[in-house]
1. Can you pick out the pairs among B:Lys133/B:Lys193; A:Lys174/B:Lys133; A:Lys178/B:Lys25; A:Lys117/A:Lys178 whose Cα atoms lie more than 24 Å from each other?
2. How do B:Trp75, B:Trp212 line up, fewest other C-beta atoms within 10 Å first?
3. At a 10 angstrom cut-off on C-beta neighbours, averaged per residue, how do the peptides A:118-124, A:180-186 rank from highest to lowest?
4. Give me the inter-chain shielding for B:92-104: mean count of other chain Cβ atoms within 10 Å, whole number please.
5. Counting alpha carbon pairs within less than 8 Å and at least 6 residues apart, what relative contact order, in whole percent, applies to the range A:39-203?
6. Neighbouring Cβ atoms within 10 Å as the yardstick, rank B:Met125, B:Met31 fewest first.
7. If you put +1 on each Lys and Arg Cβ and -1 on each Asp and Glu Cβ, how big is the dipole of the range B:116-216 around its Cα centre, in Debye rounded to 20?
8. Per residue of B:161-173, count partner chain C-beta atoms within 10 Å of its C-beta, then hand back the mean as an integer.
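The numbers here are math on the coordinates, done by the rules we state, and not lab data. A quick note: this is a predicted structure, and the numbers were derived from the prediction, not measured. Cβ placement follows ideal geometry from the backbone for every residue including glycine, while neighbour counts extend to all protein chains displayed.
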Amino acid sequence: MKINNYLNSLYKSLIAIFGLLLWPSQADAHLVTTGLGPVYDGIGHLVLTPEDLVPVLALSLFAGMRGAEPGRRALFILPLAWFVGGLLGLVIEGLPDIPVAAVSFFILGALVAADLKLSNKVFTVVVIVVGGIHGALNGVALKESAGVLGLVGIMVTLFVLVALVSAFTVSLKKAWAKIIVRVAGSWVAAMGMLMAGWLFRSQG
Amino acid sequence: MRNDKDLRNQGFKDFSETIGTRLSKIVLTIMLSLAWTQAAWAHVEGGQAAGFLTGLQHPWSGLDHVLAMIAVGLWGAQLGSPALWMLPIAFPMMMAVGAMMGLVGIPVPGVEIGIALSAIVLGAMILAEARPKLAIAIAVVGIFAIFHGHAHGTELPEGQSGLLYSMGFVIATGCLHGVGIALGLVHRLPAGKMALRLAGSFIAVMGVVFLWGAFV
């Protein structure tokens, strides 16, 4: 009976997925640009840059796994640290060539996969470091284009992303759902290791 | 009062109706999938974004890789929790270590033999319904993952993004484990146990074929 229920819900899910896939796709012949000003360019920059987006998602998952309190800390501290780092990035001339994305992927992915119990203080330091460094890189990237308003767009997007993802993760009660989050973390860590390898090869 | 024959006929009728309903649902699903609309691409895909698609496709392109990934999921399903999720976590992590070794130039001897042995050993484990200690199961899967990562994780076409390739590669590998776990759920059915063991024997036999190919 249980298996029949499982097959029925699996079948319904499949039908729903295929129904969604029937949705006609748009023909993409040209690059996507926002054309809506620097704030939206900032939003677009974060959402379309996996080097920044994936660590943010991983950090939000980790915050959610740790509970509501770390989730609230990340919600306010990460956008702020990112913004401050971004302002620094706007005024400084270049940054040392550090594989930030690879390191972020690996560390944050490993934290999620291991479900490591960090104290709130250590967690806050992690959030500030991740936000500050990625923000500074964004600041350098946006210096000639979106500038401060671009950083505002990124900050707003970060707030929304962290709120949604960490709150969703906090709400997970079933063991298998938490396991899926940890598996996702292991994937992110694996991506980080591969990225480090690619960087080594391109420089070596 | 209904006799045995009537009951058997009724049972057969119910069974036929159930099968018929299931079959019609499967056919409907296939029809829907065939109706999936495709985007019109005005230009040939290339450059950075193509890296993700290449990475996503790569693990599915070699039967040796596909069978080993699915075998990990099947064995995990057979072992149950916590191996069910520990093995699919260990494999991508160690596969990335293997790929990293390949990328930084650390040689791994007998890569093709290691890949063939992974199919043989994992298939045999499923066939025998082996239940080693969790640490041993993780070690077995992890060691073979290094060979797979070393062989497949480094094959990035020129001009494509390493990051996006890595993302696609890891996600596709994880999905193959997911397929294995989903198929392995048949283990809960009485006939499913035998089906799973048969699948294990098929994987092991294919491993022997790969091993033959590695030597010839």
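1. The pairs that break the limit, which is 24 Å between Cα atoms, are A:Lys174/B:Lys133; A:Lys178/B:Lys25.
2. Listing B:Trp75, B:Trp212 from fewest to most nearby Cβ atoms yields B:Trp212, B:Trp75.
3. Packing order, densest peptide first, comes out as A:180-186, A:118-124.
4. Mean partner shielding for this stretch: 6.
5. Over the range A:39-203, the number comes to 43 percent.
6. By the 10 Å Cβ count, ascending: B:Met31, B:Met125.
7. It comes to approximately 540 debye.
8. 6
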